[in-house]
Amino acid sequence: MSNTQKVSEVRTQVYFPRSTYRLVKKHAQIRNVSIAQVIREAVADKITSKKTSTTKSKAYDLLKYAGSLSGGPKDFSENPSNYLKKMYQEMPK
């Protein structure tokens with residue numbers, strides 16, 4: 001695809017708490033997509049939809065809790081994929 005055919009994109013820089021970044025990174029790995037893709041989709045979903053309980057990707061709903069919960073497994077920040085996969089599989093479809 002030539003430069004004139006590309007969709008117009010703007011480069012930006014965003015800072016996340018380390019815990020949020022780790023969750024986004026693991027989510028990207030689970031889906032086998034880039035971190036940028038996860039962030040683009042999450043932002044698009046947030047600003048273009050009416051956020052109901054039947055969101056396209058319910059995993060994004062987990063991200064809103066990043067850093068706000070206490071308790072839980074002590075190794076969650078080091079091994080989130082173990083827990084996220086289980087939580088995602090247990091979510092109602």
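Before moving on, here are some points about what is shown:
- Inter-probe distance in nm under a simple model that places probes 7 Å from Cα toward Cβ, at residue 33 and residue 90: 2.5 nm
- Distance between the pseudo-spin-label points of residue 8 and residue 81 (7 Å out from Cα toward the beta carbon): 3.8 nm.
The numbers here are math on the coordinates, done by the rules we state, and not lab data. Remember, predicted model here, so these are calculated numbers, not experimental data. So basically every Cβ, Gly included, is an ideal-geometry build from the backbone, and we count neighbours across all protein chains shown.
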